[in-house]
There are 2 protein chains.
Amino acid sequence: MPKIVDHDQRRLELVDATWRVIAERGIDAATMREIAAEAGFANGALKPYFDSKDRLLDFAFEHVFAQTNRRMDGATAGLSGRDALRAYCHEILPLDEERLAEARVAIAFWNKALRDPAKAALHERSMDQWRSALAGLLREAGFTGSQAHDAAGQGSAAELTAAVGAVMDLVLGAQITATLSPGHHGTGQLVAQLDCLLDGLLAGVAA
Amino acid sequence: MPKIVDHDQRRLELVDATWRVIAERGIDAATMREIAAEAGFANGALKPYFDSKDRLLDFAFEHVFAQTNRRMDGATAGLSGRDALRAYCHEILPLDEERLAEARVAIAFWNKALRDPAKAALHERSMDQWRSALAGLLREAGFTGSQAHDAAGQGSAAELTAAVGAVMDLVLGAQITATLSPGHHGTGQLVAQLDCLLDGLLAGVAA
């Protein structure tokens with residue numbers, strides 16, 4: 001019986017292999033046999049780590065999500081205000097090959113989640129985490145909205161919720177544009193698209 | 001041999017059935033057998049209309065796209081400026097059951113298009129059509145961008161392209177939010193998210 005640390009290490013190797021198989025060949029090709037081959041495991045050797053492809057896919061999605069969050073921590077360290085908000089969003093935008101591969105995994109996962117309530121719930125928990133981070137970052141960047149402000153000059157909660165929702169829609173939509181409309185996914189283009197929204201949301205806040 | 005008009009009518013019936021099968025049960029359940037059953041055809045009776053499931057799926061996606069465009073024509077008739085722009089975008093946002101079903105078809109199609117260049121090209125042609133319509137609508141609504149303006153007071157071409165890209169990202173991302181994050185897809189919420197972006201893009205233009 002392997003030590004726990006080896007067990008966890010193996011699970012991560014398998015997740016990386018799953019992630020590569022999905023990103024390169026699609027979720028339908030991600031059979032347990034294909035993933036075992038990609039990871040250099042004998043067929044059947046996966047069972048002690050994941051008892052079904054379904055569990056493996058959930059774990060792979062969570063891994064991509066955790067990886068993005070780790071990059072966000074690094075990218076936003078030492079930044080504040082609008083810079084922190086932009087840096088955070090840039091880690092979701094598919095600005096390099098790694099993030100493009102993540103976008104392909106995400107689209108495959110969404111398609112599964114449409115008919116799998118457990119996957120939809122996992123997606124929703126992850127998105128909620130980003131939504132609350134974005135709400136904090138927008139407030140720190142000086143978002144005040146356009147309507148009724150409270151004593152501290154903050155915009156209404158409904159305006160903040162709408163702004164967070166708009167940012168989420170845009171960064172999720174960018175996954176589709178970047179993977180399926182290559183003419184519109186240059187790094188500069190995606191960043192400019194995000195800035196269109198952020199500039200509007202933070203109009204009147206000194207840069 | 002059926003008359004041409006019947007042939008076309010049958011193809012549309014089959015597309016409607018395909019679209020219902022995908023929206024309700026997922027693209028994997030959309031076998032030719034399932035679709036024939038849904039349309040009330042005998043198994044095998046589909047061959048004269050579509051020689052493969054793949055062709056049928058392309059035709060179904062084109063049908064959803066054409067249907068959205070027809071609704072846009074109706075919704076924008078008699079409107080101009082910001083009102084026309086909003087009405088156009090609202091037909092893409094999943095604001096009712098019909099458009100939610102279309103969103104599910106779109107997500108399934110995107111997942112296929114990731115590994116099917118012909119489907120990706122079909123998607124790209126459709127999105128290009130929306131992009132040029134949006135560019136025209138943004139100009140008519142008074143979009144000027146924030147930087148260098150030409151003699152007519154129009155924003156730079158790059159700014160217009162970025163603004164169009166931002167709107168496209170947002171309305172595509174809304175398909176995911178609306179289908180997978182039901183707590184964030186109320187009609188009012190999606191409209192407010194879009195307005196966050198449009199208000200910023202058209203800041204300074206009289207409503």
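Each value in this text was obtained by applying a stated rule to the coordinates, not by laboratory testing. Quantities reported herein were computed from a predicted structural model and do not represent experimental measurements. Note: ideal-geometry Cβ built from the backbone for every residue, glycine included; neighbour counts use all protein chains shown.
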Between the alpha carbon centres of the stretch B:163-181 and the stretch A:17-35 the gap in Å comes to 27
In degrees rounded to 10, the 0-90 angle between helix A:53-76 Cα long axis and the longest Cα principal axis of chain A is 40
For chain A, longest principal axis from Cα atoms; helix A:4-25 axis from its Cα atoms; angle between them, nearest 10 degrees, is 80
Answer in debye to the nearest 20: the dipole magnitude of the stretch B:7-201 about its Cα centre, from +1 Lys/Arg and -1 Asp/Glu charges placed on Cβ, is 400
For A:D51, inter-copy label-point distances (7 Å, Cα→Cβ), nm, shortest first, read 4.7
Copies of A:D128 compared via label points 7 Å along Cα→Cβ give distances in nm, shortest first, of 4.3
One residue of chain B has its C-beta nearest the axis rotating B onto A; that residue and its distance in whole Å are B:G200, 1
Residue by residue through the stretch A:156-171, the couplings from Karplus 6.51 cos²θ - 1.76 cosθ + 1.60 with θ = phi - 60°, in Hz, x for Gly and Pro, are 5, 4, 5, 5, 5, 4, 5, 5, 4, x, 5, 5, 4, 4, 5, 6
Output field shielding_mean for A:124-132 (other chain Cβ, 10 Å radius) holds 2
Mean other chain Cβ within 10 Å across A:113-120 is 4
Phi angles of the stretch B:111-123, converted by Karplus (6.51 cos²θ - 1.76 cosθ + 1.60, θ = phi - 60°) into ³J(HN,Hα) in whole Hz with x for Gly and Pro, give 4, 5, 5, 4, 10, 9, x, 5, 5, 4, 5, 4, 4
With one decimal in nm and the nearest listed first, the spacings from A:V205 to its own position in the other copies, using label points 7 Å along Cα-to-Cβ, are 2.4
The pairs in A:K112/B:K119; A:K112/B:K53; A:K53/B:K112; A:K119/B:K47 lying past 28 Å Cα-Cα in this model are A:K119/B:K47
Low-density loop trypsin sites (Lys or Arg not before Pro), the stretch B:3-40, at most 11 other Cβ within 10 Å, DSSP non-H/G/I/E/B, are B:K3
